[in-house]
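Beneath this line is the structure, given in C-alpha cells, with notes to follow.
The values are calculated or read from the model by the stated rules, or taken from the named source; none is laboratory data. What you see is a predicted model; the values in this text were computed from it and never measured. No Cβ is skipped: glycine too gets one built from the backbone with ideal geometry, and neighbour counts run over all protein chains shown.
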Amino acid sequence: MYKTHSVTRRQLLKGSAAVAAFTIVPRRVLGGAGNTPPSETFGAALIGCGGRGNGTFEGLGPGVEKRAICDVRFVGKVDNKMVYTDFRRVLERKDIDLVAIATPPHWHALISIAAMEAGKDVLCEKPMTRFIAEGRAVVEAAKRYKRIFQIGTYGRFGSSKNPGNILTHKIMRSGLLKDCKGVHIKRGGLKVQEWSGMVNAQPQPVPNWLDWDMYCGPSPLRPFHPHRFGGSHRGYWDYEGGGLSDMGQHHFDPIVWTFGKDDTSPVEIEPYAPPAHPEACGMWGWVEMKYADGLTFVVESQEWGEPYTRKQERGVSLSDLGEEDQQKIRRMSDPQPLVDFPTAIRTRQQPGGHAEAAHRTMTLMHLANIAIRTGHKLQYDPIAERFIDDEEANRLAYQPMRAPWHL
C-alpha cells in the first residue's frame, strides 16, 4: 500500500451563479482551519502558469483573489511573495485557501496531495494523473484531509441534465441490469499523431530561465529538449500519455457518469496497436474495455490501422429489463444535481468531478495506454486496482518516482 507524502495539488471547475445564495456561517461550522465562510474572499494560488494556467484559475469561480503564482519557468524572477518556482513554499502560506494546478500531469498527484495536506482545496487540470496508483493516493488524501477536489472537466455537468442520460444512469445504478449489452464507442478526436513524442531527440542546453530538475520532478531526469517541455510534453510517457490521456478524460467523464461507473473500472482490456516505444507515445488503433456487467467502452483513434468493427454502438433502455424492474426504475428518484467547485468550497459538499469519480475516469485512459504499451490483452481487478497475473502491466500501474519524490 502506498503512503502519501507531502506533494502537490491542482484543481479546476467552472464558476457558477449558484454560489450567490448561501447563508453566512462561522468558519468553525465549515470544518475548522482552512475552510473559508462565504462572507470572505478566498486566497488562491496558481501552480503551473502555461497554456492552461489562466483558464484553470478562472474555474475557481467568483470571490477569489490570486495571491501567488508558481512555475519552473520563473527562474530569476522569484520574490517568494507573489512569484515562486517551488510549490512547497506556496503551500506553506496560511493566506492561501485554494490551489489551481495546471502543471504537466506528472506533477498533478503530488501537488494535489501536498495541497490537501496543507489544508487547501484543489482544482486540478485534466488528465488527473500519470499512472493508476497516483489516482488512488489522491482519493485517499481527499478523504483523510477532508478537502474539496475537482478535476478540470465539465462535460458531466451538462450530461447529467439530459433526460436520456438520467434514465440510463438510473438503470445502471439500480443494479437490476445483470447482463448489460451497452456499448459506447469514441471514434477520433484523440489527437494521437499531434501528441506523439520524438524518438532519439538530441539533447540541448537548458534555458537559464528554467528549473529543469524541478520540471522533471518525480519523473526520470532526462536531457533537456524543447519538445519535452510546453504543450508537446504530452507525447512522452514520463509526463503524460499522449493524446489518449490528454483528451480521453474530457470525452469519457460524462460517459462514466451516465453509465454509473464512478466507483469501478473495466475487468478486461484488449488493444489493437503496433509495438509502443518505451519513452515516446505513438500511434495505436483501438482499445476495447469491458466491465464485469458486460458494458463495453471503446476508444478508436481513426489514425492507425483497421477500423473497429467487433461491436456496434448500443445504449441501454427500460426494454432491457422485465416489467417489474421497469416499474422499479420509474419509481426511482432522479439523482441529485451535481455540485460545482465554487459551490462545493462554500458548502463542503463533494463536487461532481470529485477525486473518486475523476480517478475512475482517468483509470480508463491508463488501462488503455497500459494495454497499448504491453501489446496484449489484460485482466484487471477494479477493487484491488491491480492486473491479474501480469507484473509487466502492474509495473506501469504502480510506477516508481525519482527521489526524493514518492507517494
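Some points to look at:
- Unmet requirement for PHE341, which otherwise passes all of (1) surrounded by fewer than 13 Cβ atoms within 10 Å (Cβ to Cβ); (2) under 24 Å from PHE157 (Cβ atoms): (1)
- Among the numbered conditions (1) buried (at least 19 other Cβ atoms within 10 Å of the Cβ); (2) part of a helix (DSSP H, G or I), the only one that MET214 does not meet is (1).
- Options GLY182, GLY135: the member that is surrounded by 14 or more Cβ atoms within 10 Å (Cβ to Cβ), assigned by TED's automatic domain parsing to the domain that holds ALA371, touching a Lys or Arg at 6+ places or on another chain (Cβ under 9 Å) and in contact (Cβ under 8 Å) with a residue 60 or more places away in the chain: GLY182
- Residue, nearest to the chain's Cα centre (by Cα), within segment 224-246, restricted to residues that are farther than 13 Å from ALA368 by Cα and hydrophobic (A, V, I, L, M, F, W, C): TRP237
- Residue within segment 303-319 that is surrounded by 23 or more Cβ atoms within 10 Å (Cβ to Cβ) and within 24 Å of ARG130 (Cα to Cα) present: no
- Test: residue in segment 356-379 that is among the polar types (S, T, N, Q), closer than 24 Å to SER174 by Cα and crowded, with 21+ Cβ neighbours inside 10 Å: yes
- Single residue of segment 218-249 satisfying the filter (touching a His at 6+ places or on another chain (Cβ under 9 Å) and part of a helix (DSSP H, G or I)) that is nearest to GLU288 (Cα to Cα): SER245
- ARG348 satisfies every condition listed in (1) under 28 Å from VAL139 (Cα atoms); (2) buried (at least 24 other Cβ atoms within 10 Å of the Cβ); (3) touching a Leu at 6+ places or on another chain (Cβ under 7 Å) except (2).
- Single residue of ARG346, ARG330 found to be at pLDDT 95 or above, farther than 17 Å from CYS180 by Cβ, among the charged types (D, E, K, R) and touching a Pro at 6+ places or on another chain (Cβ under 6 Å): ARG346
- Residue check, GLY197 part of a helix (DSSP H, G or I) and either in contact with a Cys (Cβ under 7 Å, 6 or more places away or on another chain) or at pLDDT below 95 (or both): no
- The condition of being in contact (Cβ under 8 Å) with a residue 24 or more places away in the chain and over 30 Å from LEU176 (Cβ atoms) holds for GLU279.
- Count - residues of segment 163-178 that are without any contact (Cβ under 8 Å) to a residue 40 or more places away in the chain and outside any helix (DSSP H, G or I): 1
Results for (1) free of Cβ contacts under 8 Å to residues at least 12 places away in the same chain; (2) under 19 Å from the mean Cα position of the chain (by Cα); (3) in a loop (DSSP other than H, G, I, E, B), shown as yes or no for each residue.
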position: GLU306; (1), (2), (3): no, no, yes
position: VAL339; (1), (2), (3): no, yes, yes
position: GLN350; (1), (2), (3): no, yes, yes
position: HIS359; (1), (2), (3): no, yes, no
position: LEU367; (1), (2), (3): no, yes, no
